[in-house]
1. So which GluC sites (Glu not before Pro) in segment 226-262 end up in coil per DSSP with only 15 or fewer other C-beta atoms within 10 Å?
2. Return the carbon/sulfur percentage of the accessible area of segment 397-466, one whole number, probe 1.4 Å, all protein chains in place.
3. Please list, in order along segment 445-462, the HN-Hα scalar couplings obtained from phi with the Karplus expression 6.51 cos²θ - 1.76 cosθ + 1.60 (θ = phi - 60°), rounded to whole Hz, x for Gly and Pro.
4. With +1 on each Lys and Arg Cβ and -1 on each Asp and Glu Cβ, and nothing else charged, work out how big the dipole of the chain is about its Cα centre, in Debye to the nearest 20.
5. Run through segment 342-428 and list the GluC sites (Glu not before Pro) located in a DSSP loop whose Cβ has at most 16 other Cβ atoms within 10 Å.
6. Report the accessible area of Thr357, computed with a 1.4 Å probe over the heavy atoms of all protein chains in place, in Å² rounded to the nearest 10.
7. Taking only C-alpha pairs under 8 Å that are 6+ residues apart, what is the relative contact order of segment 4-264 in percent?
8. List every residue whose amide H lies under 5 Å from the amide H of Lys349, counting only residues 5 or more places away in sequence or on a different chain, with H placed 1.01 Å from N in the peptide plane.
Amino acid sequence: MKNFSEWFHNILEEAEIIDSRYPIKGMSVWLPRGFQIRKNMLNTLEEMLNKEHEEVLFPMLIPQSDLAKEAIYVKGFEDEVYWVTKGGANELNEKLALRPTSETSIYPMFALWVRSHMDLPIKVYQTVSTFRYETKHTRPLIRVREITTFNETHTVHATAEEAEEQMKTGIQIYSDLFDKLAVPYTISQRPEWDKFPGSEYTIAFDMIMPDGKTLQIGTVHNLGTTFAKTFDITYEDEQSEHQYVYQTTYGLSDRVIAAVIAAHGDEKGLVLPPIVAPEEVMIVPIIFKENQDDVLAFTDALEAKLQDAGIRTKQDKRDIRPGKKYYEWENKGVPLRVEVGPRDLENKKIVLNRRDTGEKIFMDYNEDTVVDDIQAVLDQITEDLKVKSNKFQEDKTHYVESLKAVSKTINKKGGIVTFNWCGDTECGKQIEEEFNIDILGTQPQVEVEGECIHCGKEAKHRALVSKTY
Ligand code: ZN
């Protein structure tokens, strides 16, 4: 698409996902269709989290004294905090923050909950709104002042090894989620200056958007004992000694929905993977006066059959031209459209239209196998979307061997550029400044040989850079 930014803005409105006309900058309304997509995404995520985590819900307001406790941490957010200062007409004794993120609301409670090693591990998550007074240009779902879908997990462990093991779990869950959504990603370890303040290290997932810039869509942090020391979270070990706990946290947001929309959409509008689509199948009966009853009897039965099998299915019986219906459901991204007319009934066929490829499938209708037959097409759509979007991410990732090639490649092709790097903060910051790009991080699994592309010292990492959202 020619202008992604404009396309993205328009599709949120056309496909009835978000209404961004709410009278506070950076805050939008989830419309029913958008909310359904959001809910389907969260259901998919929570089903995986629930295998070993439990859902909780903490208050939205945080006392100033708790927020201020972590000096390193607050530094990242202090200019962006919303404050509640009054209750009715009364000035509050203590200012209360609308959570910019939840560590300072959750960890004082962890300090109360953890007494002995018997209380560990704790693995909880919540889905909440968080608030940031963004001063940069806001953009629905991507840069907002109220993040309405912040799903955050917090875990507490007795040992560093267990916390490290938990990091792998967090990374695996997010990888699985993005795979199910057919959203491509590159995993890297953020550089020291861009890790979560107070953490040991941060692992991040980045997707390359159609305009070549990357969008961070999920992060997993090893917090070590920093917050345990700040909030005094300790347990008594078997020798009755007090030990600090080890913590991890991982989170993702509305940006995942933005990623789904951006990864698959085309000039005709939204393309949704079946797993999040409000309707996986839209049945359009082709009705003429004389055979209306036969066709509708058939499509009603088909709709009920698919719904009973758990396939989200609707039927469009409105008295408007079929072409108008096709246009509308294509625009809204319904993965599969099923057309049934009188001639199809005679021939015992149904006509399937794939939104992702535009392919028309004339399928033999068999009452006993139709559910499986349609499910197989839906599964194929997911698989094909995944292959296509992963290929895009791969094609837009380039390894280069000279500094000149870094800026040339970024400016001409966009995407992610990788190269050998020494890993020094000063050198990294010079690269960022010189080329007006961000170092996303390093790939821990890649071994390198040779010199740093910038300073010539021994290279220790394969670095990733891009323009970012
Ligand atoms: Zn260097």
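1. Loop-located and lightly packed - Glu238, Glu241.
2. 41 percent
3. Karplus values, whole Hz, x for Gly and Pro: 7, 9, 8, 10, 9, x, 10, 5, 5, 9, 9, x, 5, 4, 6, 10, 9, 8.
4. That gives the chain a dipole magnitude of about 1860 debye.
5. Filter output for segment 342-428: Glu359, Glu367, Glu401.
6. 80 Å²
7. The normalised contact order for segment 4-264 reaches 19 percent.
8. For Lys349, the qualifying residues are Tyr365.
The values are calculated or read from the model by the stated rules, or taken from the named source; none is laboratory data. Here the structure is a predicted model, which means the values were calculated and not measured. All Cβ positions, even for glycine, are placed from backbone atoms using ideal geometry, and neighbour counts span all protein chains on display. Ligands, DNA and RNA are excluded from the accessible area calculation, which covers all protein heavy atoms including side chains. Shrake-Rupley method; radii C 1.70, N 1.55, O 1.52, S 1.80 Å.
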